[in-house]
Amino acid sequence: MYISCMNNKFTLSSGSDNAVVCLQAPLYREAEGEQIAEYELRETGGQGSTAVYEDAANRVTLTVEQKKDTLFYIRRRWENLSDRARKIQTVLRVSPCFDVAKYLIPCVSVNGNVFGAGLEPKGLERDGEKWIFGYDREAIPACTLTENADFACALFASAEDAASLVSSCSVSRDHESGAWYQELFHPVIEKPVTYSTRDGYAEGYDSFIELGAGEVFETGMYLCVNRPRWENFGIAEVLDQALGLYGDNSDMFVPEKKALWDRSIAFARSLMTHYKDKKGFIIGFHRNQDDEFVYREDECFELAWCGQNILFSRMFIEDWARFGHKESLDDALEILDTRASFCTAKSGLLAAQLKDYEDLDNAEADTCNMGYGAYEFLRCWERLRELGIDKPAYLEAARGLCDFFCAHFSPEYGFGKAWRLDGVCTSEGGSIGAFVICPLVKIYALTKEEKYLAMAEKALKYYVERDLDKFCCTAGALDTSCVDKETSAPFIMSAVMLYELTGKPVYLEYAEKAAYYFTSWMFHYQPVYAPSSEIVRYNVCVKGLTSVSAQHHHLDMYAGIVVPYLRRLADLTGDEKWRVRADMMWNAVTQFIGDGELTVHGLLRPVGSQNEALFHCRWGFGTGKRGNLNDWLVAWPCAFRMSVLAEDFKEQE
């Protein structure tokens, strides 16, 4: 059977004329002693939308139903014809009939993960054997996608029942013919090895369907065939279809906003301490050998990224403005004054770490910390002015950074990744420099100085054409160097703001592209976990959380940063899917927050705290294992959560 494109419409057909995708004969792998052999069935009958395949031990019936123009549902019935019990792994294989330009396994491989020097899975094979990945690594279960400028083909699992959902996937290419294959396996296989920790591997994993004599195994799968809205964005249509197929998480319990704010302020205040005589928010709590939560020992008071000192300060300003807590304002101003006075280099660059004030010229900072930190400095200055407090030093701290990058944009590497604070670029690679665009847009909005708008527009165009248009954003997750999710956030933020300021349609297009990229890392379903797992015990909803990067296969709460901008995108486009996604993300990031009673791993968690990592697949740090949480109570989830709450309070005025 084929999916063909006729008169720009996709349809199921029996012939190869105008074919876009070929549904090939089913395969199966069977355990024979310690070996696993693979077999292909032959077609023996069927008509129309149904095909039957057989050998001496199996009969398989495939029925294809076209649900929408681009969406096909495949129902497969697998019958054991033998007189004995058997252990098998089933394979549904499709082959694109077009010339494949790129492939995608969401959250796992962006066209082979060429960027970066890490040891995450790269390419189609390892040591000559094709990669097979468990369904629970992908944002859409067991999803693979191949595409070119004209067509895209995605194969993925249904979540209608556990039998359908528990699966695996692979993209491969025949070395002789050059044919591409997308395969969906049941149940879970990870081969030739399991990517089990950062740059580390464990033995491969096999599980089997056990079919008694005469027993039947039935599953549902989906095939989405479409014309990409933009080149390299064939996944956009798949993501839109996935919303309808897997549903949202609107039935989740979400804490009342004021109660959530109070818990968050409590946690932020618990992070407040000093480096020598200078106040700041330390990066977080970890569990020590005495089973106590203590500050991490490296004295990390980070401008933005994981520490979010400037964003927390803005939230403390809000706490005073809305709820009258004068001590919050005093703390915010002290921290901001320190950063503006002591942590701004002569070059205009900003120190990422508080302790760097002791030797600014020899310190280094990355463009994520500096860019987002400057953006929040501007928002602090703006909010304080609204409240009758003028702090020009905050504007000037951000202006210094913006002026530096206006003078140091490179046609080869944009704003770069890292700089010594005396003005020397020490690392050029990645999309991370896009974080600098946010303060450029914001300072233009506040000052109307055209040079900032000109540079923001130039830089965004550069990064979009170089990276986002290739569906590959990199290097923003600073503890990795790979394809990741985080680096697309400033594309969404700056594009939304630029459209609101200029009305130019291209920025709405940029924003949607970046939002689709970001959403390709958002989980659309709930994997199956053992009752003993912490995900089940603590009733954690995976749906709406986001995977980190190609190098770090765990989920986190980073989506909180883009929630307000996706809601604005929904308003600007009239497309409510963006609001649905924003709400899914918001619901997900408000889970397992310390409330004074939450105990995990035998230890009571501080009020307002939230751990960074959820190990949703066969990957983890240290002793982390599938279905469990870690004990790193880092600052940034709380800061991003509060930033969403602040926007919500503003809308309620």
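Which whole-number value in Å² is the accessible area per residue of the range 357-449, probe 1.4 Å?
Ligands and nucleic acids excluded, the result is 34 Å² per residue.
The relative contact order of the chain, computed from alpha carbon pairs under 8 Å that lie at least 6 residues apart in sequence, is 12 percent. Taking the longest Cα principal axis of the chain as reference, the axis of helix 505-519 is set at about 70 degrees.
Which one of Thr447, Leu395, Cys617 has its Cα pushed farthest toward the positive end of the charge dipole of the chain, where Lys and Arg give +1 and Asp and Glu give -1 at the Cβ? With unit charges placed on the Cβ atoms, the residue in question is Thr447.
Considering only alpha-carbon pairs that sit under 8 angstrom and 6 or more positions apart, the relative contact order computed for the range 441-488 is 21 percent.
For the chain, adding -39500 (n - 2.57) for each run of n ≥ 4 DSSP H residues and dividing by the number of residues yields -9500 deg cm²/dmol at 222 nm. Here is the list for the range 178-284: trypsin sites (Lys or Arg not before Pro) lying in DSSP coil, each with at most 14 other C-beta atoms within 10 angstrom of its C-beta, are Lys276.
Each peptide among 243-251, 282-290 gets the average number of other Cβ atoms lying within 10 Å of its residues, and from highest to lowest they stand as 282-290, 243-251.
Could you state the angle between the C-alpha long axis of helix 367-386 and the longest principal axis of the C-alpha atoms of the chain, as a value from 0 to 90 degrees rounded to the nearest 10? Its long axis makes an angle of about 50 degrees.
Rounded to the nearest 20 debye, the dipole size of the chain about its Cα centre is 920 debye, using +1 on the Cβ of Lys and Arg and -1 on the Cβ of Asp and Glu. The range 338-414 and the range 58-111 have Cα centres separated by 52 Å.
Can you give the extra length, in nm with one decimal, that the chain gains between Leu603 and Asn8 once fully stretched, where that is 0.36 nm per residue apart less the Cα-Cα distance? Walk me through the intermediate numbers first.
On the way: separation 595, 0.36 × 595 = 214.20 nm, distance 5.92 nm.
Taking Leu603 through Asn8 to full extension adds about 208.3 nm, to one decimal.
Using a probe of 1.4 angstrom, how much of the accessible area of the chain is carbon and sulfur, in percent? Carbon and sulfur atoms account for 46 percent of the accessible area of the chain. For the range 70-162, the relative contact order comes to 25 percent (Cα pairs under 8 Å, sequence separation of at least 6).
If you take the square roots of the eigenvalues of the alpha-carbon gyration tensor of the chain and sort them as a ≥ b ≥ c, do you get rounded (a/c under 1.5), prolate (a/b over b/c) or oblate? In terms of gyration-tensor shape, prolate. Protection proxy ranking, highest mean first, for peptides 392-403, 145-156, 460-471, 525-536: 145-156, 392-403, 460-471, 525-536, where packing is the per-residue count of other beta-carbon atoms within 10 Å, averaged. As a rough guide to protection, the peptides 133-141, 574-582, 624-632, 514-522 ranked by mean Cβ packing within 10 Å, highest first, stand as 133-141, 514-522, 624-632, 574-582. Between the Cα long axis of helix 392-407 and the first principal axis of the chain there is an angle of about 50°, rounded to the nearest 10.
With the simple spin-label model, which puts each label point 7 Å out from Cα in the Cβ direction, the Phe342 to Ala117 separation comes to 3.4 nm. Once you sort the root eigenvalues of the Cα gyration tensor of the range 444-568 as a ≥ b ≥ c, which label holds: rounded (a/c under 1.5), prolate (a/b larger than b/c) or oblate (the other case)? It is prolate, given that a/c is not under 1.5 and a/b is the larger ratio.
Just the accessible area per residue of the range 226-344, please: how many Å² with a 1.4 Å probe? Intermediate values should be presented prior to the final figure.
Numbers: 4760 Å² over 119 residues.
The answer is 40 Å² per residue.
Considering only Trp578, Tyr525, Ala511, the residue lying farthest towards the positive end of the dipole of the range 497-653 is Tyr525, judged by Cα position with unit charges set on Cβ.
The values are calculated or read from the model by the stated rules, or taken from the named source; none is laboratory data. These numbers were taken from a predicted model, which means no experiment stands behind them. Cβ coordinates were reconstructed from backbone atoms using ideal geometry, including for glycine residues, and neighbour counts include every protein chain displayed. We work out accessible area using only protein heavy atoms, side chains counted, and drop any ligands, DNA or RNA first. Shrake-Rupley method; radii C 1.70, N 1.55, O 1.52, S 1.80 Å.
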